[in-house]
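The values are calculated or read from the model by the stated rules, or taken from the named source; none is laboratory data. Please read these numbers as outputs of a predicted model, since none were measured by experiment. Reconstructed Cβ throughout: ideal geometry from the backbone, glycine too, with neighbour counts over all protein chains shown. Side chains included, ligands, DNA and RNA excluded: accessible areas come from the protein's heavy atoms. Shrake-Rupley method; radii C 1.70, N 1.55, O 1.52, S 1.80 Å.
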Amino acid sequence: MQPNQITEILNRPYSQELLARDIARLAYVAADGTPRVVPIGFSWNGTEVVMCTSTNAAKLDALRRNPAVALTIDTEVHPPKVLLIRGTAELDVVDGIPDEYMEMNSTYQMTPEQRVEWEAGVRALYDQMVRVVVTPTWVKLIDFETTLPSNVEELVARKAGQA
């Protein structure tokens with residue numbers, strides 16, 4: 001997929017809406033060779049998806065072995081909106097708490113009191129964190145209005161050809 005195609009899809013209003021959410025599903029190949037999908041907080045900086053995790057997270061060894069990942073960001077309403085992203089994870093160990101980690105929880109619903117308590121707990125727990133940075137190399141937006149899953153698009157085209 002060409003970079004201009006990726007940019008065009010990611011700049012669509014539904015994509016921007018999804019990229020403003022807080023939780024994605026990260027798929028990767030675990031160290032034992034089996035697939036894994038985990039929910040993870042993320043932040044979109046305009047060109048990269050940034051996720052943060054503890055330095056002892058099992059997924060880090062797996063990502064060092066095989067950095068190929070896929071992400072899904074979606075809604076829980078009908079019709080669903082789904083943004084699919086593929087890319088390669090780059091790992092960056094940072095001292096303290098990455099700004100993206102604090103930002104990525106901005107739409108996750110907490111009361112102001114819960115937010116203060118959460119931030120204090122995070123700052124007390126982590127001396128270092130790892131930024132997992134993914135630059136999209138392939139994307140697909142499925143909004144069930146203008147775009148559909150590829151297999152459904154194929155069926156629609158086939159039916160249209162028969163008409």
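Taken over the stretch 85-131, the criterion of being touching a strand residue (DSSP E or B) at 6+ places or on another chain (Cβ under 6 Å) and either more than 23 Å from ALA57 (Cβ to Cβ) or among the small types (Gly, Ala, Ser) (or both) is satisfied by GLY87, ALA89.
Number of residues in the stretch 123-145 that are closer than 20 Å to ARG21 by Cβ and out of contact with any Ser or Thr (no Cβ under 8 Å at 6 or more places or on another chain): the value is 8.
Residue-level analysis places THR72 among those that are modelled with pLDDT of 95 or more and out of contact with any Phe, Trp or Tyr (no Cβ under 8 Å at 6 or more places or on another chain). Restricting attention to the stretch 30-44, the residues being open to solvent by 60 Å² or more (accessible area, probe 1.4 Å) and either at pLDDT 95 or above or in contact with a Pro (Cβ under 6 Å, 6 or more places away or on another chain) (or both) number 4. GLN114 meets each of the listed conditions (1) over 16 Å from ALA24 (Cα atoms); (2) touching a residue at least 12 places away in the same chain (Cβ under 8 Å) apart from (2). Failed condition for THR137, given (1) of a type in the set (S, T, N, Q); (2) in a strand (DSSP E or B); (3) more than 22 Å from SER43 (Cβ to Cβ), with all others met? Answer for THR137: the failing condition is (3).
Residues in the stretch 73-107 that are surrounded by 15 or more Cβ atoms within 10 Å (Cβ to Cβ) and β-branched (Val, Ile, Thr): ILE73, THR75, VAL82, ILE85, VAL94, ILE97. Among the residues of the stretch 55-71, what is the count of those that are of a type outside the set (A, V, I, L, M, F, W, C), surrounded by fewer than 16 Cβ atoms within 10 Å (Cβ to Cβ) and either free of Cβ contacts under 8 Å to residues at least 12 places away in the same chain or under 16 Å from ILE85 (Cα atoms) (or both)? Summing the residues that are of a type outside the set (A, V, I, L, M, F, W, C), surrounded by fewer than 16 Cβ atoms within 10 Å (Cβ to Cβ) and either free of Cβ contacts under 8 Å to residues at least 12 places away in the same chain or under 16 Å from ILE85 (Cα atoms) (or both) in the stretch 55-71 gives 1. Of the residues in the stretch 45-54, none is out of contact with any Ser or Thr (no Cβ under 6 Å at 6 or more places or on another chain), buried (at least 16 other Cβ atoms within 10 Å of the Cβ) and small (Gly, Ala, Ser).
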